[in-house]
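These notes are about the structure you will find just below.
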Amino acid sequence: MQLSRRFEITSALLRSSRPLLAVLLLVLTPPLTSAQGQTPEVLSLWPDGAPLAGGSGEGDVPRIELYRVESAEPTAAILILPGGGYRNLASGHEGVEIAQFFNSHGITAAVCFYRHRGLGNGGAGYGHPVPMLDASRGIRTLRAKSQEWNIDPKRIGIIGFSAGGHLASTISTHFDEGQPDASDPIEAVSSRPDYCVLGYPVISFGKPHTHGGSQRNLLGDNPDPDLVRSLSNEDAVTDRTPPTFLFHTAEDKGVPAENSLVYTSALLRAGVPAELHVFEAGRHGVGLAVGLPGAEAWPALCAQWLKQRGIIAN
């Protein structure tokens, strides 16, 4: 059974008058796996050592966990950036479960374990620009290895949640076209995503609706005001920013929905295709929002948007 269909059935039962049947369905349904039941491939983003690394222990070696799908034709792909306030990674409900959802729609997915403030570097962790370097490298890796991994290099996207949404919007607005003369073939290709999905993202820095913890963990206690402005990503949108799907909840107190509103407005002003859904109910960090009325619709809405844009087949 397709993952999205399983969610729809389970959610409907949970809202029905037969809660026991819903519980039985959840117990009897096998645990989620990738589309082919594969164990993900774990790959270091920089096998020869990551730039600005302050060690080689836990938290110092950024990686992706690749969930591939089998297909006769090249598939779309997506890089997943879990949230965690730039201090940890919510790699379960904002990582692996998201990869499994995209696998169910025929999209190869890679969960990016980027460096952050909570681990590595002799206990100091990592701030800007290290997470941006890691996420950019993730997009470049998918594109550079597109033939090997049966990926269409023109259908490579990015998704981020919460602080991972800030990182995804950073890559969407601060990408580069690569270095054609680089000795490393991965560095020779573009870091621009072809599409972007943002879930309850942190977007703005230095604003009333800023998530202060994410800004502090990424930039420190007294950052350069110019750097703060440059990473308030609604102000960095151009007509080259990729088409974007966003969702948020009005009840989100951790990262106010104004973040998604200002980014959507900037996209529309720049002529970038955008779709935004603000659901009434739901705390911060809902992930796939299974069983949450309203917000649970976002995965199906996102899949429909991807079909409309030609990212996945109808």
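The values are calculated or read from the model by the stated rules, or taken from the named source; none is laboratory data. Predicted, not measured: the structure shown is a model, and the values here were computed from it. All Cβ positions, glycine included, derive from the backbone under ideal geometry; neighbour counts span all protein chains shown.
Some notes on this structure:
- Condition met for GLY55 (touching a residue at least 40 places away in the same chain (Cβ under 8 Å), assigned by TED's automatic domain parsing to the domain that holds VAL286, crowded, with 17+ Cβ neighbours inside 10 Å and in a loop (DSSP other than H, G, I, E, B)): no
- Test: residue in the range 76-84 that is in a loop (DSSP other than H, G, I, E, B), surrounded by 18 or more Cβ atoms within 10 Å (Cβ to Cβ) and at negative phi: yes
- A count restricted to the range 122-174 and to residues that are crowded, with 21+ Cβ neighbours inside 10 Å and in a loop (DSSP other than H, G, I, E, B) stands at 2.
- Yes/no for PRO30 being modelled with pLDDT of 50 or more, closer than 29 Å to ALA313 by Cα and not polar (S, T, N, Q): no
- A single entry from ASP239, ASP226, ASP221, ASP252 fulfils the requirement of being without any contact (Cβ under 8 Å) to a residue 60 or more places away in the chain, part of a helix (DSSP H, G or I) and acidic (Asp, Glu): ASP226.
- Of all residues in the range 180-194, exactly one satisfies the criterion of being within 14 Å of ARG155 (Cβ to Cβ) and either among the small types (Gly, Ala, Ser) or not in a loop (DSSP other than H, G, I, E, B) (or both), namely SER190.
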